[in-house]
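Participant: Please find one structure pasted underneath; my questions will follow.
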Amino acid sequence: MNRISLQRLRPFLALAGILSAGSANAAIITGAGVDTTTTHYVIDAASSAVTHDPGLFAGTGPVAETYPVSGGFDANLSRYWWSYYLDGDPSGLQGEYLFESTWLTFSNAHVAGPTALAGFVFPDYFVLVNGDQLSGGGACNIPLGPNDFCSGGTLAGAASLTGEFAGGGISLHGWDPVVGGALFEGYSYSIAASAVPLPGAFWLFLSASGLLGILSRGKGAGTCHRCAAG
């Protein structure tokens, strides 16, 4: 019987949870928007690979295989922002405040590899940007404003991602389960890519978006109520 490693089981050990979002009556929204910058990345075939894990089988079965990959994708870096007054201050006498967060999404992905990787899905969910660090997957990993809350855990078997911006490029490491596949079947990946061309505005935007939370633009200091359990 095949041995089960902790690394293979880790994506499935999280407790199932329920996502909820709604008004917490903590702020009076005065404005909102999304500012997005998009750039194209080319995957470095020499340092990128995807591993297909066929899952669990009784007796002797297929083993995990790792394959080099190439291709490219677009990265959409978005700053979500909300301006607001504190609840109970409809005229903004205590000042106007700003809540913002930065997120990354991917589009137009093309990953070239052997037919064994036909089921691999490039990350298609929101990825939180915190400085130069990336994290994705989980029930609460979505843009939420100052009046929103989110509770619950990662659904068992959900995709997950970590990564970073570094040296004009991006690195992604994660897990993508096969929907409808064998038990614990999925793809783990490590992808390094470089921006082509390197857009100065993209990196300026990234550095300017490092503040995550509430920034006061008025006379007082307020509190934004947001609860998240990932």
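The values are calculated or read from the model by the stated rules, or taken from the named source; none is laboratory data. In this text, all values refer to a predicted model and were calculated from it rather than measured experimentally. Virtual Cβ from ideal backbone geometry, glycine too; neighbours counted across all protein chains shown. In case anyone asks, the SASA skips ligands and DNA or RNA and just uses the protein heavy atoms, side chains included. Shrake-Rupley method; radii C 1.70, N 1.55, O 1.52, S 1.80 Å.
Participant: Quick one, can you get me the convex hull of the C-alpha atoms of segment 81-123 expressed as volume per residue in Å³?
Facilitator: 94
Participant: Still on this structure: Starting from the 7 Å offset along Cα-to-Cβ, what nm value, one decimal, do you get for the label separation of Val196 and Asp87?
Facilitator: Each label point is offset 7 Å from its Cα along the Cβ direction, giving 5.1 nm.
Participant: Using the basic label-point model (7 angstrom from Cα toward the beta carbon), what is the Val34 to His110 distance in nanometres?
Facilitator: With each label placed 7 Å out from Cα toward Cβ, I get 2.5 nm.
Participant: What are the ³J(HN,Hα) values, in whole Hz, obtained from phi via the Karplus relation 6.51 cos²θ - 1.76 cosθ + 1.60 with θ = phi - 60°, for each residue of segment 76-87 in sequence order, with x given for Gly and Pro?
Facilitator: In residue order, the calculated couplings are 10, 9, 10, 9, 9, 9, 9, 9, 7, 9, 5, 4 Hz.
Participant: Could you tell me the calculated FRET efficiency between Tyr125 and Gln94, based on Cβ-Cβ distance and R0 = 41 angstrom, to the nearest 0.05?
Facilitator: For R0 = 41 Å, the calculated efficiency reads 0.65.
Participant: Then there is this: Looking at the square roots a ≥ b ≥ c of the eigenvalues of the Cα gyration tensor of segment 93-156, which shape do they give, rounded for a/c under 1.5, prolate if a/b is larger than b/c, or oblate?
Facilitator: Because a/c hits 1.5 or more and a/b exceeds b/c, segment 93-156 counts as prolate.
Participant: Can you give the net charge of the other residues whose Cβ lies under 14 Å from the Cβ of Val111, counting K and R as +1 and D and E as -1?
Facilitator: -4
Participant: Quick check: from the Cα gyration tensor, does segment 39-195 come out rounded (a/c under 1.5), prolate or oblate?
Facilitator: It is oblate, given that a/c is not under 1.5 and a/b is not larger than b/c.
Participant: Mind checking the per residue accessible area of segment 107-193 for me, 1.4 Å probe, whole number of Å²?
Facilitator: Numbers: 3530 Å² over 87 residues.
Spelled out: the 1.4 Å probe surface of segment 107-193, per residue, equals 41 Å².
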